[in-house]
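Following: one structure in structure tokens, then a few remarks.
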């Protein structure tokens with residue numbers, strides 16, 4: 001029986017022309033508009049009309065897409081989200097930003113500004129950046145190793161959090177008669193000193209409507225899971241099977257509890273990329289239609305980025321050799337989480353090279369599902385009620401129509417089943433996710449934790 005008190009969270013993961021790698025070639029997509037701000041504002045309004053929690057943008061400080069065969073993602077997301085904020089009133093606004101290639105003070109200002117501008121709807125997807133391509137763009141000879149990136153990330157989040165807290169909530173006096181704007185005793189230097197970072201503070205902006213933006217994380221390695229347990233308030237993840245998602249869900253909730261945090265205050269949100277049709281056959285035909293538009297050379301390059309091996313010498317219609325994934329590790333190791341997702345597909349399904357490229361073309365390792373609106377809703381409900389998810393990142397294969405079909409056909413079913421809101425009950429992203437507003441660490445004379 002569905003627990004009526006527990007509600008799904010739904011985000012629209014915006015990938016300009018769609019999450020299928022060939023979406024830009026399909027007549028239902030609009031690759032001509034990926035640098036048009038009104039396009040994203042329209043998507044935001046579609047998501048808000050369906051009462052989605054948030055929209056989400058991935059990002060990275062390097063050109064990773066082979067632009068010969070696919071559209072580049074384009075606009076910087078924090079800037080873009082300010083434009084979506086102006087076109088919406090309730091929709092959460094989540095952007096990815098790297099702790100490896102930003103500095104704490106600058107990034108704290110960007111997200112603080114977004115939270116103020118939007119009236120408390122900002123979220124930060126914390127990444128350490130996983131590509132070597134970024135290093136040269138910042139004058140570095142090589143990309144920092146995995147463990148070092150997470151070590152810096154912990155310091156980075158601590159320093160940014162202290163900056164956001166450095167103005168207590170009641171620091172602004174705003175007494176025009178006496179001429180006193182703020183109480184300096186409630187604005188604090190943070191004097192953060194770590195192995196990687198030094199930040200004096202205080203911040204140059206008042207505390208935001210949410211206290212601080214919602215902290216989101218997407219890494220599934222052991223380092224990533226530990227980081228999420230300590231800091232994340234929402235977690236984006238990729239799983240193909242219900243049992244894998246349940247294992248991840250249980251593990252994360254336990255890690256959260258070990259840090260003295262409430263597991264209910266961390267939302268786990270797998271990705272789902274739905275092809276939707278009036279019948280299952282129509283949905284599967286639509287998926288095939290997109291797959292037939294793929295360019296193998298593009299997919300092989302993407303696969304090489306995951307596997308770390310060149311597969312271009314393999315005939316497209318030969319079965320993928322299992323030995324290519326012999327070093328993938330296992331669900332306990334979690335050192336290369338996306339590689340393990342692909343390895344699992346190869347082991348279970350024994351696809352041809354072409355078949356594997358089609359499996360990954362849909363959403364880069366996230367779950368692709370083709371079916372009727374009822375079947376999509378059934379899948380979402382099963383994962384939600386079976387300890388696998390608190391909601392989903394909806395990843396339409398194509399934009400804008402893929403999101404429109406989902407909101408017009410799947411969302412009403414979820415609402416009828418009592419699984420998803422019919423109206424917003426709050427105005428901030430924390431309200432939508434059911435998260436508490438954090439108290440400043442300096443409130444009441446509390447010293448900053450270094």
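So how far, in whole Å, is the C-alpha centre of the range 40-90 from the one of the range 253-331?
When both Cα centres are located, 22 Å separates them.
Starting from the Cα of residue 45, step 7 Å toward the Cβ, then list every residue of the range 56-93 with an amide N under 11 Å from that point.
Taking a point 7 Å out along Cα→Cβ of residue 45, the residues of the range 56-93 whose backbone N falls under 11 Å are 87-88.
DSSP beta bridges in the chain, what fraction antiparallel, as a percent rounded to 5?
Values: 8 of 43 bridges.
In the chain, approximately 20 percent of DSSP beta bridges are antiparallel ones.
The range 120-243: D in µm²/s via Stokes-Einstein (Kirkwood Rh, Cα pairs, 4 °C, 1.567 mPa s)?
Numbers: Rh = 16.9 Å.
Estimated via Stokes-Einstein, D reaches 76 µm²/s.
Once you put a point 7 Å from the Cα of residue 374 and another 7 Å from the Cα of residue 259, both along the Cβ direction, what distance in nm separates them?
4.2 nm
For mean projected area of the Cα convex hull in nm², one of [x] 19.2; [y] 20.6; [z] 22.5 was computed from the structure I shared and the rest are decoys. Which label?
Here mean projected area of the Cα convex hull in nm² agrees with entry [z].
Any idea how far apart residue 131 and residue 281 come out in nm if each label point goes 7 Å out from Cα toward Cβ?
4.1 nm
Mind jotting down the three principal axis lengths of the range 187-344 based on Cα atoms? Whole angstrom, largest first.
Answer, in whole Å and largest first: 64, 41, 32 Å.
Once fully extended, how much extra length lies between residue 89 and residue 204, figured as 0.36 nm per residue of separation less the alpha-carbon to alpha-carbon distance? List each step's numbers first, then the result.
Values: separation 115, 0.36 × 115 = 41.40 nm, distance 2.60 nm.
In short, 38.8 nm is gained.
Cα axis of helix 104-118 to longest principal axis of the chain: angle in degrees, 0 to 90, nearest 10?
So the inclination is approximately 90 degrees.
Given 0.36 nm per residue, what is the gain on full extension from residue 138 to residue 347 after removing their alpha carbon distance, in nm?
Fully extending the segment from residue 138 to residue 347 adds 71.4 nm.
Identify which of 133, 114, 269 has the largest mean-square fluctuation in a Gaussian network model of the chain, with springs joining Cα atoms closer than 10 Å.
The residue with the greatest mean-square fluctuation here is 133.
Select from 54, 301, 159 the residue whose mean-square fluctuation is largest in a Gaussian network model of the chain (Cα-Cα springs shorter than 10 Å).
301
Quick one: helix 146-165 against the long Cα principal axis of the chain, what's the angle to the nearest 10°, folded into 0 to 90?
Roughly 40 degrees, rounded to the nearest 10.
So, R0 is 30 Å and r is the distance between the beta-carbons of residue 437 and residue 381; what FRET efficiency does that work out to, to 0.05?
Numbers: r = 30 Å, r/R0 = 1.00.
Efficiency at R0 = 30 Å is approximately 0.50.
How much length is gained on full extension from residue 425 to residue 193, taking 0.36 nm per residue of separation minus their Cα-Cα distance?
Values: separation 232, 0.36 × 232 = 83.52 nm, distance 4.05 nm.
Here the answer is 79.5 nm.
Helix 37-49 against the longest principal axis of the chain: what's the angle in degrees, Cα atoms only, rounded to the nearest 10?
90 degrees
With a 10 Å radius around each residue's Cβ, average the other Cβ atoms per peptide and rank 270-279, 182-191, 382-391, highest first. Please report the intermediate quantities before stating the final value.
Details: 270-279: 21.8, 182-191: 15.6, 382-391: 19.4.
Ranked from most to least packed, the peptides come out as 270-279, 382-391, 182-191.
Let me see the P(r) profile for the range 24-82: every Cα-Cα distance counted, bins of 5 Å, each bin given as a percent of all pairs.
In order of increasing distance, the bins hold 4, 15, 23, 25, 20, 10, 3, 0 percent.
Report the residue, chosen from 425, 379, 79, that carries the largest GNM mean-square fluctuation when the chain is represented by alpha-carbon nodes joined by springs under 10 Å.
Of the options given, 425 has the highest mean-square fluctuation.
Suppose R0 equals 22 Å; then what is the FRET efficiency for residue 289 and residue 37 from their Cβ-Cβ distance, rounded to the nearest 0.05? Before the final figure, lay out each step's value.
On the way: r = 30 Å, r/R0 = 1.35.
The calculated FRET efficiency here is 0.15.
Values quoted throughout were computed directly from the atomic coordinates according to the rules given, and no laboratory measurement underlies them. Just so it is clear, the model here is predicted, and its values are computed rather than measured. Positions of Cβ are generated from backbone atoms using ideal geometry, with glycine treated the same way; all protein chains shown enter the neighbour counts.
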